[in-house]
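**Student:** The structure that follows is given in the form of structure tokens.
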Amino acid sequence: MTAAGPVGVGVVGAGNISTQYLTNLTSFPDLDVRFVADVDAERARSRAAEFGVPGCGSLDELLKDDGVELVVNLTPPALHAEVVLAAFDAGRHAWTEKPLAITREDGAAVLDRAAARGLLVGCAPDTFLGPALQAARRLVDERGIGAPLGALSVFQNPGPERWHPNPAFLFAAGAGPVFDLGPYYLTALVQLLGPVRRVSATAGSSRSERTVHQGPLAGRRFPVGTPTFVQALLEFRGGAGGVAVFSFDSGLGRTQLEITGGEGVLEVPDPNQFVGDLRVHRLDGSVDVVGVPPESPTRGIGALDLARAIRQGRAPRASAALGYHVLDVMASMLESAERRAAVDIASTVEPAAPLEPGWDPTARTLA
Ligand SMILES: NC(=O)c1ccc[n+]([C@@H]2O[C@H](COP(=O)([O-])OP(=O)(O)OC[C@H]3O[C@@H](n4cnc5c(N)ncnc54)[C@H](O)[C@@H]3O)[C@@H](O)[C@H]2O)c1
């Protein structure tokens, strides 16, 4: 394997989100995308052809390509840990889509094996590395809203079966609004307010079955295996509080993330996006707008930071330790709802260092 120059990448999972990833990963000069793998060989072949990637086939075949140093895992959540562990066993670093795993045990196995093998592992979301959430981080760190007191986080809509052509996995254990969308909101909150100490939640579901709306499977019914309406109270270790709603049961679609400080309320753009202006509502009723450039590379910048981290011998910013803490908070929310009791969060994590000024994903930095 090479130890200099662009990092060789193999992508596993050629489904819906692979288009966005491959668009970005193939445009970053520090990466060399060499292989696309999928259990559906034809899907892997056509995605590889679409993006000019030389290799395609199964995960086993991908792991035989000595030029692949970093496996980018875009499989459904229930397979995240299994694919990442297979990558480690073949001596490869790994980036995985969120969540890190669907149980704490599997998430811990990923952290433990990476440490044992001396391999790096990163976990989506990487939206917090986008210009909007980086600007929010600077503003909070510089006390632009005074000392933070609390957060309001709302994600609600009628459910992804309206747009996703194969949505059943989004309603299985390990998905639902908490595990599917929670990572964006909770990762942003941890970056802005620090780790979570305790959660208390309630949970429910409007229906036990849903129906696919789009694509060849339209009309097919599938079971709902996880709560689709969850409300939580969060207590951060730093002292701030938070209220969070995660719903696939709401006719009123809404995404909202606000941080209240003693000197203002920061309205953060949708944490599932990379750009969007910030608004700071002052105590006198005035509103300061912090403009964010509207163009930014999207999904894949966390994997790029990880690739650069491999060469630089440092930890990635969107780390699996952060992914594990978020997983712990999400699992604790569902446990709290089931047990009707607050749950203390055992794990903790340091928020990732902000990106250095001028950080440029399109620069060639690995000669
Ligand atoms: N769709 C989105 O908008 C979106 C956005 C952000 C993150 N994600 C995350 O990305 C991941 C994939 O989501 P998606 O919407 O692309 O799903 P998808 O179902 O469209 O694609 C998943 C792909 O993985 C393949 N696959 C399954 N098991 C495999 C295995 N063992 N080896 C190789 N390939 C395998 C499937 O055949 C499929 O092509 C999920 O973790 C999801 O949470 C999706």
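The values are calculated or read from the model by the stated rules, or taken from the named source; none is laboratory data. These figures come from a predicted structure and were not determined experimentally. No Cβ is skipped: glycine too gets one built from the backbone with ideal geometry, and neighbour counts run over all protein chains shown. Calculation scope for accessible area: heavy atoms of the full protein, side chains included, ligands and nucleic acids excluded. Shrake-Rupley method; radii C 1.70, N 1.55, O 1.52, S 1.80 Å.
**Student:** In this structure, does Leu306 turn out to be in a helix (DSSP H, G or I) and open to solvent by less than 70 Å² (accessible area, probe 1.4 Å)?
**Tutor:** yes
**Student:** Looking at region 64-82, can you tell me whether even one residue there is open to solvent by 30 Å² or more (accessible area, probe 1.4 Å), over 24 Å from Arg317 (Cα atoms), aliphatic (A, V, I, L, M) and in contact (Cβ under 8 Å) with a residue 40 or more places away in the chain?
**Tutor:** no
**Student:** Assuming Arg279 fulfils every condition listed in (1) assigned by TED's automatic domain parsing to the domain that holds Arg197; (2) farther than 22 Å from Pro354 by Cα; (3) basic (Lys, Arg) apart from one, which condition is it?
**Tutor:** Exception for Arg279: condition (2).
**Student:** Every residue in region 32-45 that is in contact (Cβ under 8 Å) with a residue 24 or more places away in the chain and either part of a helix (DSSP H, G or I) or open to solvent by 10 Å² or more (accessible area, probe 1.4 Å) (or both), please.
**Tutor:** Correct list: Asp32, Val33, Arg34, Phe35, Asp38, Asp40, Arg43, Ala44.
**Student:** Do we find a residue being under 28 Å from Glu335 (Cβ atoms) and either within 15 Å of the ligand (Cβ to nearest atom) or modelled with pLDDT of 95 or more (or both) anywhere in region 54-62?
**Tutor:** no
**Student:** Which number in (1) open to solvent by less than 50 Å² (accessible area, probe 1.4 Å); (2) under 29 Å from Asn24 (Cβ atoms); (3) assigned to a loop (DSSP other than H, G, I, E, B) marks the one condition that Pro216 misses?
**Tutor:** Only one criterion is unmet by Pro216, namely (1).
**Student:** Take region 11-31 and flag every residue that is near the ligand (Cβ under 9 Å from one of its atoms) and either open to solvent by 30 Å² or more (accessible area, probe 1.4 Å) or assigned to a loop (DSSP other than H, G, I, E, B) (or both).
**Tutor:** Gly13, Ala14, Gly15, Asn16, Ile17, Thr19, Gln20
**Student:** Among what's in region 219-254 and is over 21 Å from Pro183 (Cα atoms) and outside any loop (DSSP other than H, G, I, E, B), pick the residue that is most open to solvent (accessible area, probe 1.4 Å).
**Tutor:** Arg221
**Student:** Going residue by residue through region 295-304, is there one that turns out to be touching a residue at least 40 places away in the same chain (Cβ under 8 Å) and under 16 Å from Leu192 (Cβ atoms)?
**Tutor:** So far as region 295-304 goes, no, none of its residues is touching a residue at least 40 places away in the same chain (Cβ under 8 Å) and under 16 Å from Leu192 (Cβ atoms).
**Student:** Sticking with this one: Residues in region 32-44 that are in contact with a helix residue (DSSP H, G or I) (Cβ under 6 Å, 6 or more places away or on another chain) and either among the small types (Gly, Ala, Ser) or within 13 Å of the ligand (Cβ to nearest atom) (or both): how many?
**Tutor:** 4
**Student:** Kindly provide the set of residues from region 89-109 that are farther than 21 Å from Ile301 by Cβ and either within 11 Å of the ligand (Cβ to nearest atom) or of a type outside the set (S, T, N, Q) (or both), ordered by number.
**Tutor:** Within region 89-109, Asp89, Ala90, Gly91, Ala101, Ile102, Arg104, Glu105, Asp106, Gly107, Ala108, Ala109 qualify.
**Student:** Can I ask one more? Determine if region 195-212 includes at least one residue that is within 16 Å of the ligand (Cβ to nearest atom) and part of a loop (DSSP other than H, G, I, E, B).
**Tutor:** yes
**Student:** Taking Phe169 and the conditions (1) open to solvent by less than 10 Å² (accessible area, probe 1.4 Å); (2) within 12 Å of the ligand (Cβ to nearest atom); (3) aromatic (Phe, Trp, Tyr), which numbered condition does it fall short on, given that it satisfies the others?
**Tutor:** (1)
**Student:** Let me ask something additional. Which residues, taken from region 95-120, are of a type in the set (S, T, N, Q) and open to solvent by 10 Å² or more (accessible area, probe 1.4 Å)?
**Tutor:** Selection gives Thr103 alone.
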